[in-house]
Structures are given as structure tokens and as C-alpha cells.
Amino acid sequence: MFQQHQYAWRVIVGQVASNTSTREQLAGQLGINPVTLLRWAGMHKTGLSGGEQRVIEPRKASLLKLISALPEHREALIASLTEEFPLMFRPEDFQSDARPTFESTMIPAICYEAVLQATATLSGGIRYISVFDHLLRFALLQLDPERLGLSAIVVECTPPRNGEKVRSLREQFRIGTPPWQSRREERNLFLGAESLVGKAVESRQPYEIEDIRSYTGLLPIHRTKYEVSAAVCPIMRTGFVAGGLLFSSTQPGFFTPERARLIEKYAHLALAAFDEHAFYPPERIELRCMPDAEEQEPIIRLIPKQVMDLLKTGQITNHALAEREIIYRTEENFIYLASLASDPQIVLERL
């Protein structure tokens, strides 16, 4: 077994891997199983006799990614890696402009494993949340390892009344890297034809905008706080649409063709979160304009109370059905508000 004082890179990995949260984060960046980090550091027993530990030798591509993921330990990592693996590396591997020899447009296998396990063992809303928790966490780690500022939003078609068309989308939740919140944020905003994700859903096409501040094209945009560039991809199955993934970055030109392809793959993986009835054919989607977020928020905050009030009347006794009815009414109010471009107080008075 190796001596930890001799190979500093294993000591560094061991320090990082000793914390569950940072271990999972680093494993996500490297596209490996968190247990592999423990094995690299000699912290994971493999069942050998006498408690002997077997050290797993990593691949070159994984070690190069390790150096990129831990820039504060760069010099120590390079020195100890070249000492332990003198035949594996060449000086040019560690040049500042060197690129790891791995395909950046591939989703890590560990992400697929987590999503497939959630799909196989969970159902309904729990499966939905679990799939996106895994998927978006890995997407943010892979797309923004340097934490420059990236947010990911899940948007879903608002179920219409029977026989009617989909008239809006709903923001389910958002997570991000600073300056956005890293915890799941649920705002439940309504989006429509005025939004970039609305355009993607109606056209069934992905879009990227390099710099919203100077954009003069025909795509509908509404810049939010911190947002400089944006990318969106619809979530589709055989031409039927359930919603979309919307990414925003603090950096101009962030969404390169490679990152756009990666986002599209994450949108494909997101299919696992949805039930069959959540997908709508193009002819059933006819989005209307929705008000700005600032206008929506005081009305959206009333939804839980309205649901309880409706249940108390006895007209509807099922909570899910009551919530859906209030969402229908809220959507109608927002369509009315946007069409008049009026003060939200008008809508509040109608409730």
C-alpha cells in the first residue's frame, strides 16, 4: 500500500473526500462515482483479508480533470502525480491552455445512474423532484465548474382545461451557482409567448442568446437580474412537448455550441421526470402573453389561500383538483392583465 506522506495528491483527495457534500461535488465534476475518490485516497476497504486496502489507479483523463477542479492545489497535484506516474504525463499536459482528453459534451455516467434509479424506484411528484435534483446538480457542475454564475430553470406546460389548448408555462423551480441560490427555489411564475422558453416550446427548437444586453434580434427576451446570456431547450418526446430547460449565465457568449449540445442532452434525460399525459402535441399549444414577474408575485402568493377557501365551500373536495382550478383562474387573470397592460391591483380586486 502507498504511503500517504509520499503522494500528496492522494492526501488532498482524502481531505476533500472526507466531507460528503464536497466529495459528491468533486465526483460530479470528474464524472466518477464518489466512492472512487475514497478508493483513490485509500479510504475505502475492498474486502481484502486482514483489512488490507486496495488503491484504485485512476485514468489520465480523470487526473487532468482533478487538477482543473482543484486549482488551489494545482502545483502540489502536478508534482505528486508526475512523481507517482512518471510514464503517464508529459509537460504539455499541464500547460495552462491544455485541455483534458475527455468529451465535454457527454453527461457523466453517474448522473444517468442517479436519474435511472430515481425513475425505477419513485413515482409522481417525488420522482419529478428527485430526477431534476440530480439532473440540474450535475448540469451546473459540468457547465459551470468555475462557478462564474449559472442558473437552471425547469419550466412545464400548464395543464389546460379539457378540450382547451396550453396557454401558458409554469416555472417549477430554479437552482444555480452564485449569484443565484444553490438551494431549490420555487417561484411558480407563469411564462408565455413573451418569453424565450415560450418560443422554444412553441417552435420545438433550442435557442441561445450571446448577450441579452445588446441583442436586437426577433427572439422574445426579458432580461432578469444577473442574466447576460441565455440558452433554452424544449423537453420533447416524439414531437410532443412537456416544457423546457432554461439556463442563464452572468457571462456573455457562455453558451458555446458544445455547451448547447450538452444542454440538449440534459433535456433528453429530463424526459424521465414526466408522466405521459404531461406531453402535448404542437396543435394543442397556443401560448398567450403573461405579465412580468413583479406583477405576478402578489397574486401567486394568494394561491394557497384561494385553494383552501375553495375546499371550504365544498364545491371541490380534492386538494389537487382545487389547486388546478385556482391555477386555471390565475392563468385567466394573467392573460387579462397582460392584454390590458394594466395595474395588477385590477386583478387583485377581481379575485
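The values are calculated or read from the model by the stated rules, or taken from the named source; none is laboratory data. Predicted model only: the values in this text are computed from it and were never measured. Because the Cβ atoms are built from the backbone with ideal geometry, glycine has one as well, and the counts that use them run over all protein chains shown.
Okay, here's what the table says:
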| quantity | calculated |
| --- | --- |
| Options 213, 223; residue that is part of a helix (DSSP H, G or I), in the same structural domain as residue 132 (by TED's automatic domain parsing) and under 21 Å from residue 256 (Cβ atoms) | 213 |
| Residue match in region 192-204 (condition: within 16 Å of the chain's Cα centre (by Cα), in a helix (DSSP H, G or I) and either within 30 Å of residue 26 (Cβ to Cβ) or assigned by TED's automatic domain parsing to the domain that holds residue 267 (or both)) | yes |
| Output for region 296-319, where each listed residue is outside any loop (DSSP other than H, G, I, E, B), modelled with pLDDT of 90 or more and either surrounded by 18 or more Cβ atoms within 10 Å (Cβ to Cβ) or not charged (D, E, K, R) (or both) | 296, 298, 299, 300, 303, 304, 306, 307, 308, 310, 311, 319 |
| Test: residue in region 155-163 that is part of a loop (DSSP other than H, G, I, E, B), at pLDDT 85 or above and of a type in the set (Ser, Thr, Tyr) | yes |
| For residue 182: the one exception among (1) more than 27 Å from residue 293 (Cβ to Cβ); (2) surrounded by fewer than 17 Cβ atoms within 10 Å (Cβ to Cβ); (3) of a type in the set (Gly, Ala, Ser) | (1) |
| Hits in region 132-177 (condition: in contact with a Ser or Thr (Cβ under 9 Å, 6 or more places away or on another chain) and under 16 Å from residue 233 (Cβ atoms)) | 140, 142, 143, 150, 151, 152, 153, 155, 157, 169, 174 |
| In region 222-239, residue farthest from residue 209 (Cα to Cα) [restricted to those that are among the polar types (S, T, N, Q) and in contact with a Ser or Thr (Cβ under 9 Å, 6 or more places away or on another chain)] | 224 |
| Qualifying residue in region 251-263 (condition: touching a strand residue (DSSP E or B) at 6+ places or on another chain (Cβ under 7 Å) and within 24 Å of residue 119 (Cα to Cα)) | yes |
| All positions within region 169-191 that are within 25 Å of residue 141 (Cβ to Cβ), of a type outside the set (A, V, I, L, M, F, W, C) and part of a strand (DSSP E or B) | 171, 172, 174, 176, 185 |
| Residue match in region 99-110 (condition: in contact with a Lys or Arg (Cβ under 8 Å, 6 or more places away or on another chain), surrounded by 12 or more Cβ atoms within 10 Å (Cβ to Cβ), modelled with pLDDT of 85 or more and aliphatic (A, V, I, L, M)) | yes |
| Any hit, region 112-133, residues being modelled with pLDDT under 80 and either surrounded by 14 or more Cβ atoms within 10 Å (Cβ to Cβ) or aliphatic (A, V, I, L, M) (or both) | no |
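So that you can scan it fast, the table gives a plain yes or no per residue for (1) more than 14 Å from the chain's Cα centre (by Cα); (2) in contact (Cβ under 8 Å) with a residue 40 or more places away in the chain; (3) within 15 Å of residue 195 (Cβ to Cβ); (4) surrounded by 19 or more Cβ atoms within 10 Å (Cβ to Cβ):
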site: 214; (1), (2), (3), (4): yes, no, no, no
site: 220; (1), (2), (3), (4): yes, no, yes, no
site: 234; (1), (2), (3), (4): no, no, yes, yes
site: 247; (1), (2), (3), (4): no, yes, yes, yes
site: 250; (1), (2), (3), (4): yes, yes, no, yes
site: 270; (1), (2), (3), (4): no, yes, no, yes
site: 282; (1), (2), (3), (4): yes, yes, no, no
